[in-house]
1. I need the full set of residues from the stretch 39-58 which are open to solvent by less than 70 Å² (accessible area, probe 1.4 Å) and in contact (Cβ under 8 Å) with a residue 24 or more places away in the chain, in order please.
2. Anything in the stretch 59-100 that is open to solvent by 70 Å² or more (accessible area, probe 1.4 Å) and among the basic types (K, R)? List them, or say none.
3. Out of the stretch 9-30, which residues are more than 21 Å from E66 (Cα to Cα) and either among the β-branched types (V, I, T) or under 23 Å from the mean Cα position of the chain (by Cα) (or both)?
4. Test K158 against the criterion of being open to solvent by less than 60 Å² (accessible area, probe 1.4 Å) and charged (D, E, K, R), and give yes or no.
5. Just a yes or no: is a residue in the stretch 108-129 acidic (D, E), in contact (Cβ under 8 Å) with a residue 60 or more places away in the chain and either open to solvent by 50 Å² or more (accessible area, probe 1.4 Å) or more than 30 Å from R37 (Cα to Cα) (or both)?
6. I need a count of the residues in the stretch 14-41 that are closer than 25 Å to L55 by Cα and either of a type in the set (D, E) or in a loop (DSSP other than H, G, I, E, B) (or both).
7. Starting from the stretch 23-35, keep only residues that are open to solvent by less than 30 Å² (accessible area, probe 1.4 Å), then list their pairs with residues that are polar (S, T, N, Q) whose Cβ atoms are within a distance under 7 Å, requiring at least 6 positions of separation or different chains.
8. For R104, state whether it is exposed (fewer than 12 other Cβ atoms within 10 Å of the Cβ) and either basic (K, R) or in contact with a Leu (Cβ under 9 Å, 6 or more places away or on another chain) (or both).
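The values are calculated or read from the model by the stated rules, or taken from the named source; none is laboratory data. Everything quoted here is computed from the prediction, not taken from an experiment. Heads up, the Cβs are rebuilt from the backbone with ideal geometry, glycines too, and the neighbour counts pull from every protein chain shown. Note: accessible area is taken over every heavy atom of the protein model, side chains too, but ligands, DNA and RNA are not part of it. Shrake-Rupley method; radii C 1.70, N 1.55, O 1.52, S 1.80 Å.
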Amino acid sequence: MTNYVNHPRYGSEPILSGNSYTKQEIENAFWWYKSVRYFPETAIPAVIEKQCDSLYPRQLYVDIEEQCVDCHRAFIFFAKEQQYWFEELKFWIDAHAIKCFECRKKSRAINQLQIIYANLIIKEHITFEETQLLKSSAQQLFESGVIKKINKVNAIRKM
């Protein structure tokens, strides 16, 4: 049995829906399902009217086994998560989770650091607190590999 990365809302195991669909029904529900490993017993119906305009809407959602492009661990892209993405958040219907929840969380944190860094580095006059925040964000971005040159971080440290 595969150990999947835990998702704080949905867990680490397929979520049985109690619905029964054939393999053919599932694979006809969205073109992409034919090419992935999915759990048929997790299928839930989609509300097509809630999805963004799409030529080929998803008629069902199923838990899908994936491998994170960052950490390479197996995770599940849950049917309920897809439903939330496509019907509530209005993501484009062909969007797909390529990172596990933990790596997506790390990516969002790095993106926030980049925004903080970018906004502070261009300011002409910054406060002491802003300088400390700039130094901290530069160090974290260097440690995460976003800033490649230590010279940049060292120059900011001298501020």
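1. F39, T42, A43, I44, P45, A46, V47, Q51, C52, S54, P57, R58, listed by residue number.
2. R73, K80, K90
3. If the condition is that a residue be more than 21 Å from E66 (Cα to Cα) and either among the β-branched types (V, I, T) or under 23 Å from the mean Cα position of the chain (by Cα) (or both), then T22 is the only one that fits.
4. Answer is no for this residue.
5. Among the residues of the stretch 108-129, not one is acidic (D, E), in contact (Cβ under 8 Å) with a residue 60 or more places away in the chain and either open to solvent by 50 Å² or more (accessible area, probe 1.4 Å) or more than 30 Å from R37 (Cα to Cα) (or both), which makes the answer no.
6. Going through the stretch 14-41 one residue at a time, the tally reaches 7.
7. A29/Q59; F30/Q59
8. No.
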